[in-house]
Amino acid sequence: MAYRHDEDLQFLSQCTDEELNDLVYCLTHDKDGETRWTEELTTTSAYKAYYPKHSRYWQEIAAEIQCFGGNTIATLFRGGKGVLYREVLMDVCNKLKVNFNKNSSTPTIENNLLMKIVTDALESMSADEIRALGIELGIKNTSGLTAQTLTASFQTIFRAGGFKSYQLTLIVVNQIMKVLMGRGLTLVANATLVRVMSILSGPIGWTITGLWTAIDVGSAAYRVTIPAVIQVAFLRTQQSAKLANEIDFK
């Protein structure tokens, strides 16, 4: 297993040990908390030397994502190197039937993936749930609020980036991880975010369960690449907000 220089994963070098913790977990453990028999990360000398200081071996973390995204035999012919993250991301999007433009930026494609999940979740919500969500999101007039208008609002937030986009991504990814990995993000959330998470927990859970059962997850790789890509999308949003000095992680 060797890391291929990857512009879309270089930002992992700026993440802290704590921020990388959930990504490392989903690469090395399954939903039952058991070590994945297909993972190679824990066998690397860097992991053995530095764990749990994940930032010291971020290239091995990135390489694990790349290798899970590549065909095993093809990876051998590439000298143990996998495919670039963008290829992994687009493969996941195709598997989950996400509508995206292959020429779009990587963050945009990641947002399309999250919006697919959000849109499906909102469409499954009752009028009362939509109204309650609108109130928690600070929408003043919720009387005529619909799934479509909330979807448009969420799309605007994702595209704008910054702290609001980070908060929304945190909420969505936390619920996704609960379904796919059996545990949410290791995070500290304020009271408002907790209430929004509570409202969205059911709809997002049903959506992810439906997507998960509708696709062929017989391949062990998809059980890793889907949660890993969603984790990377969250970390990228988190780093963007942090660089804009909009989050104080102290």
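Any chance you could list the semi-axes, whole Å, largest first, of the equivalent ellipsoid that the Cα gyration tensor gives for the chain, using √(5λ)?
31, 19, 17
Where does helix 191-214 land angle-wise versus the long Cα axis of the chain, in degrees 0 to 90, nearest 10?
In the chain, helix 191-214 runs at an angle near 60 degrees to the longest axis.
Keeping the other protein chains in place, figure out the carbon and sulfur percent of the accessible area of the stretch 83-196, with a 1.4 Å probe.
Answer for the stretch 83-196: carbon and sulfur cover 52 percent of the accessible area.
Per the Kirkwood treatment, what hydrodynamic radius in Å, one decimal, follows for the stretch 97-153 from the mean inverse distance over all distinct Cα pairs?
Result for the stretch 97-153 stands at 12.4 Å.
Taking the alpha-carbon centroid of each part, what is the distance from the stretch 180-214 to the stretch 1-46 in angstrom?
The stretch 180-214 and the stretch 1-46 have Cα centres separated by 22 Å.
Cα axis of helix 17-28 to longest principal axis of the chain: angle in degrees, 0 to 90, nearest 10?
That helix lies at roughly 70 degrees to the long axis.
How large is the accessible surface per residue of the chain, computed with a 1.4 Å probe and reported in Å² as a whole number?
49
Using all Cα-Cα distances in the stretch 1-64, what percent lands in each 10 angstrom bin from 0 up to the longest?
In order of increasing distance, the bins hold 22, 56, 21, 0 percent.
Please list, in order along the stretch 43-54, the HN-Hα scalar couplings obtained from phi with the Karplus expression 6.51 cos²θ - 1.76 cosθ + 1.60 (θ = phi - 60°), rounded to whole Hz, x for Gly and Pro.
Those phi angles translate into 8, 6, 5, 5, 4, 5, 7, 10, 3, x, 7, 4 Hz.
Averaged over every viewing direction, what's the projected area of the C-alpha convex hull for the stretch 116-212? Give it in nm², one decimal, please.
6.0
Give me the lysines in straight-line cross-link reach of Lys97: C-alpha distance below 29 Å, same-chain residues under 8 apart excluded.
List returned: Lys31, Lys81, Lys116, Lys164, Lys178.
Counting only Cα atoms, I'd like the Rg/Rh figure for the stretch 136-177, Kirkwood definition for Rh.
1.00
When the helices in the chain are scored as -39500 (n - 2.57) per DSSP H run of 4 or longer and the sum is shared across all residues, what 222 nm value do you end up with, to the nearest 500 deg cm²/dmol?
Calculated mean residue ellipticity at 222 nm is -20500 deg cm²/dmol.
May I ask for the longest run of the chain untouched by chymotrypsin sites (Phe, Trp or Tyr not before Pro) that are loop-located per DSSP and have at most 15 neighbouring C-beta atoms (other than their own) within 10 Å?
Longest run free of exposed loop sites: 38-248.
Cα convex hull of the stretch 58-187: mean projected area in nm², to one decimal?
Averaging across all directions leaves 9.9 nm² for the Cα convex hull.
To the nearest 10 degrees, how steep is helix 220-243 against the longest Cα principal axis of the chain, on a 0 to 90 scale?
It is inclined by approximately 70 degrees.
Output the direction-averaged projected area (hull surface divided by four) of the convex hull of the alpha-carbon atoms of the stretch 1-124, in nm².
Spelled out: convex hull of the Cα atoms, projected over all directions, averaged, 8.9 nm².
The values are calculated or read from the model by the stated rules, or taken from the named source; none is laboratory data. Treat the numbers as computed from the prediction; the structure is a model and nothing was measured. Cβ sites come from the backbone with ideal geometry, for glycine too, and all protein chains shown count toward neighbours. These area figures cover heavy atoms from the full protein model, side chains too; ligands, DNA and RNA do not enter into them. Shrake-Rupley method; radii C 1.70, N 1.55, O 1.52, S 1.80 Å.
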